[in-house]
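Take a look at the structure below.
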Amino acid sequence: MNVDPDMEDWLERLTREGIAPPLNNSRKMGILHSIFHEHGPVGTDEAAEILLDAMGRAVEALVTVSKDMSPHTRAMARITVGLDSGFPYLKYVDGWRHGDDLVFDSGDAGTLAQVADTVQEFLMEREHHVWPVCTAHHVGLHSQISGADAVWYCKTGGHVWRIGRLLTDQPDP
Ligand SMILES: [Zn+2]
């Protein structure tokens, strides 16, 4: 990855001021890249605030995703948002963590689709629970972006639900 000199200066400053960018972690570097490109060479406090804001959005996404769960599923989905040197990620109640930090340069829909995907993987890996399932086809749904929305998609029937509306809306089409 090509790092421009302005960004290099900024990373050096963040390191001096205490937010050490883990240079060996390409996902975290990607996050710092998107902060730099969206906000410019912000100070440490502002960078920390941006990361905290991302954590807030991840929590909101988690609440939205949980609206698609039955009480039975919700009881299994013991998932919280954690911070790893300032970077938000999802973790299971036992501390188990799957994959990477959350990215957050893809807007609210991107965050929602990513959180939905991670929750689905947690439920599969930790509880062997297939969720969510298309009520018509009895197959697992997949989270993706459609236009400006994060949706659950049924590959078998082409059904689409907005994430957070699975239990309340009819599928589209
Ligand atoms: Zn279906």
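Derivation of every value follows stated rules applied to the coordinates shown; laboratory data play no part. None of these values were measured; they are calculated from a predicted model. As a convention, Cβ positions derive from the backbone with ideal geometry for all residues, glycine included, and neighbour counts pool all protein chains shown.
Things to note:
- Principal-axis analysis of the Cα atoms of the chain puts helix 44-66 at an angle of about 0° to the longest axis.
- Over all other residues within a Cβ to Cβ distance under 13 Å of GLN120, the charged ones net out to -4, with Lys and Arg as +1 and Asp and Glu as -1.
- Histogram of C-alpha separations across the chain, 5 Å bin width, %: 1, 8, 17, 19, 16, 13, 10, 8, 5, 3, 1, 0
- In degrees, nearest ten, helix 107-127 long axis to first principal axis of the chain (Cα): 60
- Per the Cα gyration tensor, region 30-116 maps to an equivalent ellipsoid with semi-axes of 26, 13, 10 Å, ordered largest to smallest.
- Helix-only arithmetic for the chain: the sum of -39500 (n - 2.57) across DSSP H runs with n ≥ 4, divided by the residue total, places the mean residue ellipticity at 222 nm at -14500 deg cm²/dmol.
- Model label sites at MET124 and MET7, defined 7 Å from Cα along the beta-carbon direction, differ in position by 3.1 nm.
- Full-extension gain in nm, ASP172 to GLU46, via 0.36 nm per residue minus C-alpha separation: 41.3 nm
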